Amino acid sequence: MLLDIVAKAIKRKLYRPLKQFNISWATEKRLKISREKASIKKLGFINNTLLHYCDGPSLITGLKEVFAEAPYRFHTKSEKPYIIDCGGYIGLSALYFAFEHPNADIVVFEPDSVNFQLTELNVAPYKNRVTVENKAIWVHNETIMFNNSHNMGSSIVTGATATADNSVTEIPSARLKDWLTRKVDFLKIDIEGAEYEVLKDIKDCLHFVDNLFLEYHGSYAENNQLTEMLSLLTDPGYKWYIKEAAEAYVHPYTEVKPRNNFDLQLNIFAFKKQS
């Protein structure tokens, strides 16, 4: 028994999911400890793709989440799938979709100014079928205040004002409902806390969407929102599966503060069973 436990611990320690994507142990370690975020750097990737990035640790996290764990893997009978990616970060999920579905028509929304620039660079080889919009997904086509943190946590900030360093600035918004006018094979919504309002706004259009990935960010005080969101997904006939996206508490009965900004961070996989 003890030998089995030790063997499993060693296996976990040595397991390198990014090895299959041509990223060496040395490169992974270098990126993990990198603190320089000012300049754009490049990294060779699969399919002869160059990845452009600024933040090494975030890149490693993103690659593991998107490519190694592959949460966006789905099947479709469509010859030309239509995919909408809300919250594209630096284009990793768009690349995953482009690799997995070579004939797909992909639209990416990324509001952060630096992340948008990196996304455009990363999807450039596929620009004939990947469109990138520098807008924040919201419930109207106007403008909204946005926190440009230039990482995975960039987000809409309601009630905020612009800052001198442009970390919070006014940017264009896009109403997702206006894009749901035909069949959508896969809709990804990872918009750092804005998902509740957006899902309510698109509820009447969910019949167009076959597969929906939703990352939920919430607090205990907003548990009613999660309940309502699951109800909104049930009504159009979705089956759904939930897993924790990030562990906020190890001991939720005794801990007072979460490890990150949210009490709950969940991945919600909604899908319509096809015969």
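The values are calculated or read from the model by the stated rules, or taken from the named source; none is laboratory data. Keep in mind it's a predicted model, so treat the numbers as computed, not measured. Note: ideal-geometry Cβ built from the backbone for every residue, glycine included; neighbour counts use all protein chains shown. Surface areas here come from the heavy atoms of the whole protein model, side chains and all, with no ligands, DNA or RNA. Shrake-Rupley method; radii C 1.70, N 1.55, O 1.52, S 1.80 Å.
Restricting to Cα pairs below 8 Å that are 6+ residues apart, what does the relative contact order work out to for the chain? Please round to a whole percent.
That works out to 12 percent.
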Would you kindly state the longest site-free stretch of the chain, with sites defined as GluC sites (Glu not before Pro) in a DSSP loop (not H, G, I, E, B) surrounded by at most 13 other Cβ atoms within 10 Å?
-> 143-246
Please list S34, S113 in order of solvent-accessible area, largest first, computed with a 1.4 Å probe with all protein chains present.
-> S113, S34
Normalised Cα Rg of the chain, dividing by 2.2 N^0.38 Å with N its residue count, works out at 1.03
In whole angstrom, the spacing between the Cα centers of the stretch 86-144 and the stretch 206-254 equals 23
Calculate the spin-label point distance for D235 paired with D178, positioning each point 7 Å from the Cα along the beta-carbon direction, and give it in nanometres.
-> 2.3
For the chain, what is the calculated [θ] at 222 nm in deg cm²/dmol (nearest 500), taking -39500 (n - 2.57) for each run of four or more DSSP H residues and dividing by its residue count?
-> -7500 deg cm²/dmol
Between V250 and S113, how many nm apart are label points set 7 Å from Cα along the C-beta direction?
-> 4.0
Estimated Rh, the stretch 23-80: Kirkwood, alpha-carbon pairs, angstrom | 13.0
Dimensions of the stretch 225-266 along principal axes (Cα, Å, largest first)?
-> 37, 18, 17
Among N147, N134, N223, which one moves the most in a GNM of the chain with springs linking Cα atoms closer than 10 Å?
-> N223
With 0.36 nm assigned to each residue of separation and the Cα-Cα distance removed, S24 to F99 gains 24.9 nm
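If you filter the stretch 89-151 for trypsin sites (Lys or Arg not before Pro), then keep DSSP loop positions with at most 13 other Cβ within 10 Å, what is left?
Of the trypsin sites (Lys or Arg not before Pro), the ones in loops of the stretch 89-151 whose Cβ has at most 13 other Cβ atoms within 10 Å are K127.
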Sparse-neighbourhood loop sites, trypsin sites (Lys or Arg not before Pro) in the stretch 224-274 - DSSP loop, at most 10 other Cβ within 10 angstrom = K273
In the neighborhood of F97, defined by Cβ-to-Cβ distances under 9 Å, what is the net charge if each Lys or Arg adds +1 and each Asp or Glu adds -1?
-> -1
Of the trypsin sites (Lys or Arg not before Pro) in the stretch 57-118, which ones lie in a loop per DSSP and count no more than 14 other C-beta atoms within 10 Å?
-> R73, K77
Report the residue, chosen from L51, L214, L31, that carries the largest GNM mean-square fluctuation when the chain is represented by alpha-carbon nodes joined by springs under 10 Å.
-> L31
Please state, to two decimals, what the Cα-based radius of gyration of the stretch 161-246 comes to when divided by 2.2 N^0.38 Å (N = residues).
-> 1.23
Can you list the lysines whose alpha carbon sits under 30 Å from that of K272, skipping same-chain ones fewer than 8 residues off?
-> K64, K77, K80, K127, K135, K177, K183, K188, K200, K203, K239, K243
Per-residue accessible area for V123 at 1.4 Å probe radius, Å² rounded to 10?
-> 10
Roughly to the nearest percent, how much of the accessible area of the chain is carbon and sulfur, given a 1.4 Å probe?
-> 52
